[in-house]
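Single-structure report; data block below.
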């Protein structure tokens with residue numbers, strides 16, 4: 001078995017993002033949400049690669065607003081997104097990282113995603129009108 005490397009460059013980030021979202025696009029629970037919202041996967045994968053490259057390799061590539069984006073998705077989904085959806089996403093994110101990489105940056109990718117998912121869910125939930 002080959003020794004896994006850490007996430008070192010954009011090509012590694014792209015491999016992670018592409019592999020992960022290939023799973024999400026066929027996921028029993030998550031696929032209908034993602035495929036129902038994202039119309040242009042090719043450009044979305046580039047955006048997500050920019051996002052994670054910014055997060056993990058400190059390259060200033062991403063200039064979006066993930067909070068607003070997730071609040072918009074929640075509204076489009078009739079405010080039906082739950083913490084379980086985020087948990088399913090995280091499980092596959094961790095599994096994909098473990099399949100492909102190991103090292104400090106791989107750990108940061110997990111840690112960052114975990115913190116972000118909590119924050120995004122809370123911001124999304126708090127944005128709902130009661």
Tell me the mean residue ellipticity at 222 nm calculated for the chain from its helices only (DSSP H runs of n ≥ 4, each -39500 (n - 2.57), averaged over every residue, nearest 500). -23500 deg cm²/dmol
At q = 0.15, 0.16, 0.25, 0.31 Å⁻¹, what is the log10 ratio I(q)/I(0) for the stretch 57-112, with the Debye formula run over Cα points and no solvent? -0.63, -0.70, -1.04, -1.11
How far is helix 41-57 tilted off the main Cα axis of the chain, in degrees rounded to 10, range 0 to 90? 60 degrees
Once you place label points 7 Å from the Cα toward the Cβ at residue 104 and residue 83, how far apart are they in nm? 3.2 nm
Two pseudo-spin positions, 7 Å from Cα along C-beta at residue 75 and at residue 95, lie apart in nanometres by 3.3 nm
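Just want to confirm a number: the relative contact order over the stretch 10-127, from Cα pairs under 8 angstrom separated by 6+ residues, in percent. Don't skip to the end; give the middle numbers.
Working: 72 pairs, mean separation 36.1, N = 118.
Reported relative contact order: 31 percent.
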How much length would be gained if the chain were fully extended between residue 5 and residue 61, taking 0.36 nm per residue of separation minus their Cα-Cα distance, in nm to one decimal? 17.8 nm
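Thinking of the chain as a set of Cα atoms, what percent of all their pairs are more than 26 Å apart? Walk me through the numbers before you get to the answer.
On the way: 1628 of 8385 pairs.
Considering the chain, 19 percent of its Cα-Cα pairs are separated by more than 26 Å.
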Tilt, helix 104-127 to longest principal axis of the chain (alpha-carbon atoms), in degrees rounded to tens, equals 0 degrees
Angle, helix 66-76 long axis vs. longest principal axis of the chain, Cα atoms, 0 to 90°, nearest 10? 50 degrees
Over all Cα pairs of the stretch 25-77, how is the pair count split among 5 Å bins, expressed in % and running from 0 up to the last occupied bin? 5, 18, 21, 26, 19, 10, 2
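Each reported figure results from applying straightforward, stated rules to the coordinates on display, with no laboratory input. No experiment lies behind these values; they were computed from the predicted model shown. Please note: Cβ atoms are built from the backbone with ideal geometry, for glycine as well, and neighbour counts cover all protein chains shown.
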